[in-house]
1. Could you please let me know if residue 3 is touching a residue at least 40 places away in the same chain (Cβ under 8 Å) and more than 30 Å from residue 143 (Cβ to Cβ)?
2. Under the condition of being closer than 22 Å to residue 115 by Cα and not β-branched (Val, Ile, Thr), which residue from the stretch 63-72 is surrounded by the fewest Cβ atoms within 10 Å (Cβ to Cβ)?
3. Which residues, counting only those in the stretch 35-51, are crowded, with 16+ Cβ neighbours inside 10 Å and on the phi > 0 side of the Ramachandran plot?
4. Could you list, ordered by first residue, the pairs with Cβ atoms under 7 Å in which the first is in the stretch 171-190 and over 16 Å from residue 101 (Cβ atoms) and the second is modelled with pLDDT of 90 or more, at least 6 apart or interchain?
5. Cβ-Cβ below 6 Å, separation at least six or inter-chain, first residue in the stretch 50-69 and over 14 Å from residue 25 (Cα atoms), second assigned to a helix (DSSP H, G or I) and at pLDDT 95 or above: which pairs?
6. All but one of (1) in contact with a helix residue (DSSP H, G or I) (Cβ under 9 Å, 6 or more places away or on another chain); (2) surrounded by fewer than 19 Cβ atoms within 10 Å (Cβ to Cβ) hold for residue 100; which doesn't?
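The values are calculated or read from the model by the stated rules, or taken from the named source; none is laboratory data. A quick note: this is a predicted structure, and the numbers were derived from the prediction, not measured. Note: ideal-geometry Cβ built from the backbone for every residue, glycine included; neighbour counts use all protein chains shown. These accessible areas exclude ligands, DNA and RNA; they are computed on the full protein's heavy atoms, side chains included. Shrake-Rupley method; radii C 1.70, N 1.55, O 1.52, S 1.80 Å.
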Amino acid sequence: MDVKIDISNVTLETPRVYLRSFKEGDINDLFEYCSVPGVGEAAGWKHHENLDRTRIILDMFIKEKNVFAIVLKENNKVIGSVGFHNSWAVEDKNFEFLNTTEIGYALSKEYWGRGLMTEVVKRVIDYSFEYIDIDVLVVGHIWNNDRSRRVIEKCGFKMYKVGIFYSKELDQEFDDINYYLTKKFYQLEIMKKR
């Protein structure tokens, strides 16, 4: 079953970034990276063409309280997001009695290839299994999104299935790959390696 997660009073830290709730003042930073073609499309949403679209998304992030802003320490700029979403796993018999949530993320194209998202996702995994009643974390990526695949694999997720993802925004179907990470595997294997 999906676990509702409220991150509104949570701040996390990695060596290079802070993770905190989105604020009204983040709109220009959010628009800056969401308006770049390719950023959203890699995750199945259309890049933002105007601030009105960004305002809708920012308001949703603030209202739903389940998405962290990724804030670069060196300049206090929001360069991405990572959040907890309804999980594809709730429709799968293998996960139906387990507490689950899905991680989703986006990062400014300017910061791709620096290992930042791997750093962020590892921190979110730690937080999820140490402070939230989660049995299984799941994540997915569009078939040809190799950057996302590498993040997922570096963070210890295991491939579960290939499926179809339909993006209403893009009016397009994509092959997608779904992964999972159990709390038990995290405790027995991942924590030992850190």
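1. No; evaluated as a whole, the condition is false for this residue.
2. Going through the stretch 63-72, the residues closer than 22 Å to residue 115 by Cα turn out to be 67-72.
Those still in the list that are not β-branched (Val, Ile, Thr) too: 68-69, 72.
Details: 68: 27, 69: 23, 72: 17.
The selected residue is 72.
3. Within the stretch 35-51, just 44 meets the criteria.
4. Short answer, once both residue conditions are applied: 175/162; 176/140; 176/141; 177/140; 177/141; 177/159; 177/162; 190/156.
5. Partner pairs satisfying both residue conditions: 67/61.
6. (2)
Let's see how each residue does on (1) touching an Asp or Glu at 6+ places or on another chain (Cβ under 8 Å); (2) open to solvent by less than 20 Å² (accessible area, probe 1.4 Å); (3) of a type in the set (S, T, N, Q):
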| residue | (1), (2), (3) |
| --- | --- |
| 16 | yes, no, no |
| 33 | yes, yes, no |
| 53 | no, no, no |
| 61 | no, no, no |
| 78 | yes, yes, no |
| 91 | no, no, no |
